[in-house]
Amino acid sequence: MTLGMITLEGREDESPEAEQKRRQRAMVTEAEVLLHHVAETLLTLYLAHEDRPDCPWLEVARMRQGDLKPQLRKRFGGSYSQKLRREQLAEVFFGSRTPVGLDPRPELEQWEKAVANLDQLLMAYLDIHNERRNLYNAAKHGMAVNSGTAAVKLGEAGAPPLIEKSGPSITYLDLTDSKSQPRWQQTTVWIELDQTIALSYLACSLIQSMWMVARARYLGVPCVFRAVAVIAAIDIDKLVLPRSKADNPYNMLNMRIPLAYIQNNRGRT
């Protein structure tokens with residue numbers, strides 16, 4: 001392919017197997033980055049709509065990166081009770097704090113299941129935003145990551161392994177949380193690709209539901225609220241909990257290997 005003075009050529013000598021592995025590595029990285037993008041967008045938009053401001057657009061424009069973390073901590077881990085948090089979530093995403101007045105009106109059991117699932121989903125997106133931010137930053141700023149397939153096994157020969165993990169993964173450099181003398185480490189995170197893509201798709205669906213509710217609330221646009229039935233039907237544990245084998249309760253999510261490099265007080269290695 002040629003565009004002006006630039007010519008791009010394919011890898012004619014690359015085997016189909018090598019091409020498939022290369023695409024798989026790219027897919028793993030892009031899927032993880034996309035999940036972080038949509039998780040942060042979803043959480044930001046939720047905060048902008050939560051208190052029914054006159055213009056949520058302005059609330060998003062006012063928000064800075066430093067504002068997001070303390071506000072999320074207050075909503076999901078601070079003074080807010082679970083009952084109040086779930087009521088506010090339902091109002092933003094489902095259009096009401098109770099099923100009364102919704103069209104179609106869900107059964108009470110379906111409503112309670114949907115609200116509980118919605119709460120767990122938002123908590124999962126918050127965990128992704130907070131706990132895996134270093135991986136996201138490594139991938140976003142300079143692509144300082146190495147994706148591929150990693151495997152680790154620990155146990156006695158001839159016996160079932162105590163710890164075993166293999167599959168698509170991303171490896172990146174990270175700093176320990178030590179405040180006295182941070183140390184560089186190599187961190188490998190295993191990615192459940194289908195779960196990652198499903199969570200990204202569901203986050204986009206939740207954003208769409210939030211917008212539909214907002215259109216009805218601010219513009220008076222008629223809306224049929226079907227999100228309750230969709231969210232209630234989700235098997236939430238399979239979606240947000242890491243998979244583990246029945247005979248291996250010590251399921252690994254990541255592995256960290258300390259390196260012989262430290263960071264001094266001036267931020268130099």
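Relative to the longest principal axis of the Cα atoms of the chain, the long axis of helix 16-50 makes an angle of roughly 30 degrees. The length gained by stretching the chain between residue 52 and residue 17 to full extension, at 0.36 nm per residue less their Cα-Cα distance, is 7.3 nm.
Rg over Rh for segment 1-153 works out to 1.12, using Cα positions for both radii and the Kirkwood form for Rh.
Here the 3J(HN,Hα) profile of segment 192-203, calculated from phi with Karplus coefficients 6.51, -1.76 and 1.60 at θ = phi - 60°, is 7, 4, 5, 5, 4, 5, 5, 5, 5, 4, 5, 4 Hz, Gly and Pro shown as x. Modelled label positions at residue 107 and residue 194, each set 7 Å beyond Cα in the direction of Cβ, lie 2.8 nm from each other.
Name the residues of segment 124-150 whose amide N is less than 19 Å from a point 7 angstrom out from the Cα of residue 65 along the C-beta direction? Label zone hits: 126-145. The label point for residue 229 and the one for residue 152, both projected 7 Å from the Cα toward the Cβ, are 4.5 nm apart. Under the combined filter of DSSP loop state and at most 15 neighbouring Cβ atoms within 10 Å, segment 59-106 retains these chymotrypsin sites (Phe, Trp or Tyr not before Pro): 80.
So what is the calculated 222 nm ellipticity per residue for the chain, using -39500 (n - 2.57) for each DSSP H run with n of 4 or more, over all residues, to the nearest 500 deg cm²/dmol?
The helix-only estimate for the chain comes to -16000 deg cm²/dmol at 222 nm.
Exposed loop sites here mean trypsin sites (Lys or Arg not before Pro) with a DSSP loop assignment and at most 16 other beta-carbon atoms within 10 Å; the chain contains its longest site-free run at 98-178.
Relative to the longest principal axis of the Cα atoms of the chain, helix 65-77 runs at roughly 70 degrees.
Values in this text are rule-based calculations from the coordinates and carry no lab data. Keep in mind that this is a model prediction, so the values were computed, not measured. Here the Cβ is made from the backbone with ideal geometry for all residues, glycine too, and neighbour counts use every protein chain on show.
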